[in-house]
Amino acid sequence: MRHATYYAYGIRIPYTHPDNFEGVLRALRAEGGRIDYLLASDMAFLVTECVEMEPGEFKVITPRSFERPERAAWDRTLHEAAALLGLAESPEPGWILVPDLS
C-alpha cells in the first residue's frame, strides 16, 4: 500500500481513466498552459502546481502562500480543461491537500 500526501492547486473532478486526460492536457500544454492531473485513491484532480509531501515532511502555509501572480492563468486553464473534458460546471480552484492511500 502506498501512502503519500500532495499539496496542489487545482480542482477535484469525477474519476476517469487517465487516457481520457492526455489529449486534452496535451493540447492545453501546447498552448502554454501549465496543467496536469493527479489520481489519488479513488479521486481525480486537475492541478497546476503539485508537490508530493513525503512522510515526516511538513509545509508551513501562510497567507503569502496563496498570493501567486500565476493564479489567474491557472484558473483559466483549469476551467478550460474541465470544459474540454465535458464538465458542465467546474468547482472554484483552490489549494488542496490530498492524501493517497492507494
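All of the numbers you see were taken from the coordinates with simple rules; none came from a lab. Fair warning: this is a prediction, and the values are worked out from it, not measured in the lab. In this analysis, Cβ positions are derived from the backbone assuming ideal geometry, glycine residues included, and neighbour counts consider all displayed protein chains.
Here are some notes:
- Each residue in I13, I96 was given a count of other beta-carbon atoms within 10 angstrom of its own, and listing them fewest first yields I96, I13.
- For the pair the range 2-17 and the range 69-93, the centres of their Cα atoms are 15 angstrom apart.
- Computed from backbone phi, the HN-Hα couplings of the range 94-102 come to x, 7, 10, 10, 10, x, 10, 10, 7 Hz, rounded to whole numbers (Karplus: 6.51 cos²θ - 1.76 cosθ + 1.60, θ = phi - 60°; Gly and Pro given as x).
- Around the amide H of A44, modelled in the peptide plane, lie the amide H atoms of I13, Y15, all under 5 Å away and 5 or more residues distant in sequence or on another chain.
- Restriction of the chymotrypsin sites (Phe, Trp or Tyr not before Pro) in the range 7-95 to DSSP coil positions whose beta-carbon has at most 15 other beta-carbons within 10 angstrom yields Y15, F58.
- Measuring nothing but alpha carbons in the chain and taking Rh as the Kirkwood radius, the Rg to Rh ratio lands at 0.96.
- Applying both filters, DSSP loop and at most 10 other Cβ atoms within 10 Å, to the GluC sites (Glu not before Pro) of the range 28-102 gives E31, E57, E67, E89.
- Couplings 3J(HN,Hα) of the range 52-57, computed from phi: 7, 9, 6, x, x, 7 Hz, in residue order, whole Hz [Karplus 6.51 cos²θ - 1.76 cosθ + 1.60, θ = phi - 60°; x for Gly and Pro].
- Taking Lys and Arg as +1 and Asp and Glu as -1, the other residues whose beta-carbon sits under 15 Å from that of G23 total -3.
- Extending 7 Å from Cα along the Cβ direction at M53 and again at D36 yields two label points whose distance is 1.7 nm.
- The region of the chain that goes longest without hitting one of the trypsin sites (Lys or Arg not before Pro) in a DSSP loop, each with at most 10 other Cβ atoms within 10 Å, is 3-58.
- Calculated from backbone phi, Karplus (6.51, -1.76, 1.60) coupling profile of the range 83-88 in Hz, x at Gly/Pro: 5, 5, 7, x, 7, 5
- Estimated purely from DSSP H runs of n ≥ 4, each contributing -39500 (n - 2.57), the mean residue ellipticity at 222 nm for the chain is -8000 deg cm²/dmol once divided by its residues.
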